[in-house]
Amino acid sequence: MYRLVCISCGADYAPDAILYRCERCGHLLAVTYDLDSLHIDRAVWNARPLTLWRYRELLPVSGDPVTLQEGGTPLYPLTRLGEELGLPHLYAKHEGMNPSGSFKDRGMTVGVSMALQLGMTSVACASTGNTSASLAAYAAKAGIPAVVLLPAGKVALGKVAQALMHGAKVIAVRDNFDKALEMVQELCKSHGLYLLNSINPFRLEGQKTIGLEVIDQLGDVPDRMVLPVGNAGNISAVHKGLGEFIDLGFIDRLPMMTGIQAEGSRPVVDAIEQGLCELVPTEHPETIATAIRIGAPVNAEKALTAIRATGGTAASVTDEEILAMQRDLARKEGIGVEPASAASVAGVRKLVESGVIDRDETIVCVVTGHLLKDPETVIRQCEPPIEIDADAASLLSVLYS
Ligand SMILES: *Cc1c(COP(=O)(O)O)cnc(C)c1O
Ligand SMILES: [Zn+2]
């Protein structure tokens, strides 16, 4: 059993309240369990397949979930890159291997299941792309309509293609993501759609399982977890999940939570560097990593706590550094990710060079979305295919001359 609890004033709400913020003070809500009453047996968990639903006792869904078999993503050792950076214990958790190609599926399997559990009949979100792709797929699976608002012209091609193909009502707003989020919140309030942006506390419940899987896959607590930060929901979610593992006595320390943003969109980095309690939004966020092109992260309050309480840090990387790491992951490790995902590993490169990261740390980077999400950025970076006449002489001449 769970309650919805305000992270600021502690006000507590019934599990079936349709609420995204505290009615008393306006701050964010978190799903809180009575852990003593849960009776979780680790041996039972370990016998279950490694998917998000291994951890179902720590999730709010009571009936059969709306699932596309998400989670259980690979944790790859980055051997070649690790050697180059002098980091022998460097890993990447490839969230691009989820059903719709990003970690958003973890949030949506729980979020859409909760929509049905709460009796809602339609769902909506604003999105930089992946949230809309994922919501469209899970709404299709659930058999309910979905409305998604995108910043016009600023969403990677693959993501729009998914939202359209899965049958969501796709609306392109002539403004940025932050404005689209404002609009969809209004729409949900006035017309009773269920809001599935990461301000929705149930979505973060699904996403926290990234951290739980890392513990099970590594067999240990990493010293550091590094995530790209857009709305800052994912880093908050992973921190929350691992905190529950501490309370259950499954682990005895937390990794240093480390958030990476793009140079042109770095309100969380500024807040950490300047010691601010509240962040100053970036007016016109700009980066090639469209998934983290967000100027006013809704989960900033949770993320700042996650970073500070674990002795972590935040840093920004340039678009050039992001793209260089996207190529390195692809060419040196065989791991195909979209630009925002490469930001986490690019951040590690920067932090190890500046001496913030210790070389003997065990580091898990979350790489958040698949290479195929953003084919246009890929094609622009690479040489085009070499076209030849269909004869052996032409083939040999381009290969060996
Ligand atoms: C949504 C997303 C992010 C940002 O996650 P937040 O929880 O908003 O901080 C990063 N990378 C990818 C690929 C995403 O889809
Ligand atoms: Zn409150």
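Every read-out reported here was derived from the displayed coordinates using simple, explicitly stated rules and does not represent laboratory data. All values reported here derive from a predicted model rather than from experimental measurement. Neighbour counts are summed over all protein chains in view; Cβ atoms, including those assigned to glycine, are modelled from backbone coordinates with ideal geometry.
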> Of the residues 143, 219, 241, which exhibits the maximal mean-square fluctuation in a Gaussian network model of the chain defined by a 10 Å Cα contact cut-off?
Replying inline: 219
> Using 1/(1 + (r/R0)^6) with R0 = 22 angstrom and r between the beta carbons of residue 27 and residue 3, what's the FRET efficiency to the nearest 0.05?
Replying inline: 0.90
>> In the chain, if the dipole is taken from +1 on Lys/Arg beta carbons and -1 on Asp/Glu beta carbons about the Cα centre, which of 234, 72, 107 is farthest to the positive end?
In response: 107
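How high is the FRET efficiency from residue 189 to residue 276, r the C-beta distance, R0 25 Å, rounded to 0.05?
On the way: r = 29 Å, r/R0 = 1.16.
Between residue 189 and residue 276 the formula returns 0.30.
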>> Using each residue's phi in region 11-27, evaluate 6.51 cos²θ - 1.76 cosθ + 1.60 at θ = phi - 60° and report the 3J(HN,Hα) Karplus result to the nearest Hz, with x for Gly and Pro.
In response: 4, 10, 10, 5, x, 9, 5, 8, 9, 10, 9, 4, 6, 7, 10, x, 7
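About the Cα centre of the chain, how large is the charge dipole given +1 on each Lys and Arg Cβ and -1 on each Asp and Glu Cβ? Please answer in debye to the nearest 20. Numbers along the way, then the final one.
Numbers: 35 positive and 48 negative charges, 166 e Å.
Dipole size: approximately 800 debye.
For the ranges 364-371, 21-28, what's the packing order if you count other beta-carbon atoms within 10 Å of each residue, average per peptide, and put the highest first? Walk me through the numbers on the way to the answer.
On the way: 364-371: 28.1, 21-28: 14.6.
Peptide ranking by packing, descending: 364-371, 21-28.
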>> Of 197, 355, 336, which is farthest towards the positive pole of the chain's charge dipole, taken about the Cα centre with +1 and -1 on the beta-carbons of Lys, Arg and Asp, Glu respectively?
In response: 197
>> What whole-number distance in Å separates the alpha-carbon centres of region 14-86 and region 347-392?
In response: 28 Å
>> Tell me whether region 149-192 comes out rounded, prolate or oblate; compute the Cα gyration tensor, take square roots of the eigenvalues as a ≥ b ≥ c, and use a/c under 1.5 as the rounded threshold.
In response: oblate
> Amide H to amide H, which residues 5 or more places from residue 122 or on other chains are under 5 Å from it, using H placed in the peptide plane?
Replying inline: 194
>> What is the distance in Å between the Cα centroid of region 153-186 and that of region 277-340?
In response: 20 Å
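Say R0 is 41 Å: what FRET efficiency, to the nearest 0.05, do residue 390 and residue 320 get from their beta-carbon distance?
On the way: r = 38 Å, r/R0 = 0.94.
My answer for the efficiency is 0.60.
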> For the residue pair residue 164 and residue 327, what label-to-label distance in nm results when each label sits 7 Å from Cα along the Cα-to-beta-carbon direction?
Replying inline: 3.0 nm
> Is there a pair in 159/189; 179/302; 179/373; 93/373; 179/332 whose C-alpha atoms are over 29 Å apart, and which pairs would that be?
Replying inline: 179/332
>> Give the aspartates and glutamates whose C-alpha is closer than 14 Å to that of residue 141, dropping any in the same chain fewer than 8 places away, or say none.
In response: 64, 70, 105
